[in-house]
Amino acid sequence: MTDDDDQALPAGSFSTWLAGMKRALGGEGESDVPCGGCTACCTSSQFVHVGPDETEALARIPTELLFPAPRMPSGHVVLGYDENGHCPMLVDGACSIYEHRPRTCRTYDCRVFPATGVEVDDEDQLAIANRARRWRFDVAAESEGVEHDALRAAARFDRWRADLLPEGVVPANATQRAVLAIELHEAFLGHDDVTDRDVVVIPDAESIEAVLNERRSRRAPTP
Ligand code: SF4
């Protein structure tokens, strides 16, 4: 690791990032990560989900590289990785189908980990973990701090109240935990009328389900 590999990276305004991330997960935009020359997420043994509607991506990925996506309806596939853990569409250090890359890649943003406090714990993903821990958000206003706390509380929620999560929602990996936290965090935001301040609250099962239903009707699948 060089000094540069340790250097902090500006992640921008926390609220602006969170709003963009929610739009991207809802299918209303893309992540806008200042990746520089980083290709950590393309070289970390990740399966990339591709939906049946993603005809531009599917037309450019050789069919022998695609496999039926587990626990998903027919037509949903995943793109695997090579013996080095690299995406096979990564050629000479760059995405060979960048303009037509799958939705999963368009919405991936390793800033979800520092934003939610979720640790990348897969040893195949150390490069992502190293990149993720370098980001620094600007959390300027008090309301931004409460929103940040709500997001982190949501990221820990399944550890102690998984029983309140609807069936099939309990996250199976760090990325799913971080994305679930983004979807759930609004249920953890409340307002204290006495102090007239936003506060973090512990939601009940109905609030969680209402937030999830609203967002899940629009969200893109995560790896
Ligand atoms: S790990 Fe993060 S910075 Fe690196 S390529 Fe992926 S999204 Fe970009």
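The values are calculated or read from the model by the stated rules, or taken from the named source; none is laboratory data. Keep in mind it's a predicted model, so treat the numbers as computed, not measured. Heads up, the Cβs are rebuilt from the backbone with ideal geometry, glycines too, and the neighbour counts pull from every protein chain shown.
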(request) Return the only residue of Val120, Val146, Val169 being away from the ligand (no atom under 12 Å from the Cβ), outside any helix (DSSP H, G or I), buried (at least 17 other Cβ atoms within 10 Å of the Cβ) and not basic (Lys, Arg). (result) Val169
(message) Take the conditions at pLDDT 95 or above, among the basic types (Lys, Arg) and away from the ligand (no atom under 16 Å from the Cβ) and apply them to Arg111. Does it pass?
(response) no
(request) Using the structure shown, decide if Val78 is more than 14 Å from the ligand (Cβ to nearest atom), in contact with a His (Cβ under 8 Å, 6 or more places away or on another chain) and among the aliphatic types (A, V, I, L, M). (result) yes
(request) For the stretch 64-83, indicate whether the set of residues that are within 14 Å of the chain's Cα centre (by Cα), surrounded by fewer than 18 Cβ atoms within 10 Å (Cβ to Cβ) and more than 22 Å from Glu144 (Cα to Cα) is non-empty. (result) no
(request) Please enumerate the residues belonging to the stretch 123-143 that are among the acidic types (Asp, Glu), in a helix (DSSP H, G or I) and closer than 20 Å to His185 by Cα. (result) Glu142
(request) Scan the stretch 188-211 for residues that are at pLDDT 90 or above and in a helix (DSSP H, G or I) and jot them down. (result) Phe188
(message) Just checking, does the stretch 16-26 include any residue being away from the ligand (no atom under 13 Å from the Cβ), without any contact (Cβ under 8 Å) to a residue 40 or more places away in the chain, assigned by TED's automatic domain parsing to the domain that holds Glu147 and charged (D, E, K, R)?
(response) yes
(request) Could you grab me the full set of residues in the stretch 123-138 that are acidic (Asp, Glu) and either near the ligand (Cβ under 9 Å from one of its atoms) or crowded, with 23+ Cβ neighbours inside 10 Å (or both)? (result) none
